[in-house]
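Report on one structure; see the data block that follows.
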Amino acid sequence: MMNYEMFVEELKNKISVAINIPIENIEFSKDGDRFSPTGDRLLVKFAEHDDAYEVCGLHTKELFREFLNGTSFDTILDSTVRDIRQLQGQNSYEKTKKIWNYETVKDSLFIRLLNYDDNSKELSNAVYKRIGDIAQVLYMKVSECDGNIMSTKIFKSVVEKWKEDGLTLSEDNILEEALRNTERMYPPRIYRWDQMLFNPEYEGEEFMSPGTEEAISQDLIGNCLTTAKKTNGAVAIFYPGVAERFADVLDSDFYMVFTSVHDVMVHKADGVDAVDLSIILQDTLEEATPKEDFLTRKIYKYEKDTHRFLCAI
């Protein structure tokens, strides 16, 4: 049985042969490095241009975990090679060049949530809005294939170029528009646990339209909010009107428990205790949330009367 270091080295060598690129174009980057803020990665440089590289990042610990759980090495290799070749065929470099023109790129802008403390270095030149230790970060969607999104952060230098070309929107306005885009791309949904467990075709509950109030549960168990894609869905609580909808139907302030970047539990503030929720969250993060999906250890609160998001504990 290979150990982790042997697994990474073997994967590196076999990828080099399979896609016919020099071994020096595949670099191992440890967790916490500049290009690996959320875990060890193999950085596979598969194309070079005058002003940029095209790189595929492979999370090696997750792949090694699959190996330990019984997936054969050849199956993992085939899957990673397929992903790299898929990226090679997407012409991503040409697609990202439109980033410099706001009118061209505006419909591709969206918001992704990151933990600010864990990502403060890489966010130093990024465009984002911060609430407590949660950063709403501006991204551009480059492509999407089989539900997998390829994206890139928007940096302040890009926004400055937009403004030089006549854009009058502030960063806050750009983030607001991107949040509306995100809602159009990935509509919010409430998912009921019983349906998720026993109905593979279950697509969640629409709750924003008139007459859909019953989708929002008043029970102490709370509401699991995400998006129709169920990926990076915790951002849905910040969509225009979503928090207000919950507060109106619940007729109460509510707590938010971000179990991952993919979903958030919404609990009516009456009858639940933030300390109890915090204990449950810590257990969930330790037992069920992969490191790369972590968002926050804090419990947040939305105030119905002031329309404010606050860090409760």
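The values are calculated or read from the model by the stated rules, or taken from the named source; none is laboratory data. The model shown is predicted, which means the values in this text are computed figures rather than measured ones. Heads up, the Cβs are rebuilt from the backbone with ideal geometry, glycines too, and the neighbour counts pull from every protein chain shown.
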Some residue of region 167-175 being within 23 Å of the chain's Cα centre (by Cα) and assigned to a loop (DSSP other than H, G, I, E, B): no
Those residues of region 127-150 which are of a type in the set (A, V, I, L, M), closer than 25 Å to residue 103 by Cβ and modelled with pLDDT of 95 or more, in sequence order: 127, 137, 138
Elements of type helices (runs of 4 or more DSSP H) contained in region 180-287, each with 2 or more residues being modelled with pLDDT of 95 or more: 242-250, 274-287
Index of the failed condition, residue 44 passing every other in (1) within 23 Å of the chain's Cα centre (by Cα); (2) of a type in the set (A, V, I, L, M); (3) loosely packed, with under 13 Cβ neighbours inside 10 Å: (3)
Which listed residue is under 17 Å from residue 310 (Cα atoms) and charged (D, E, K, R), from 219, 270, 283: 270
Residue selected from region 151-160 under the condition part of a helix (DSSP H, G or I) and in contact with a helix residue (DSSP H, G or I) (Cβ under 7 Å, 6 or more places away or on another chain), by the criterion modelled with the highest pLDDT: 159
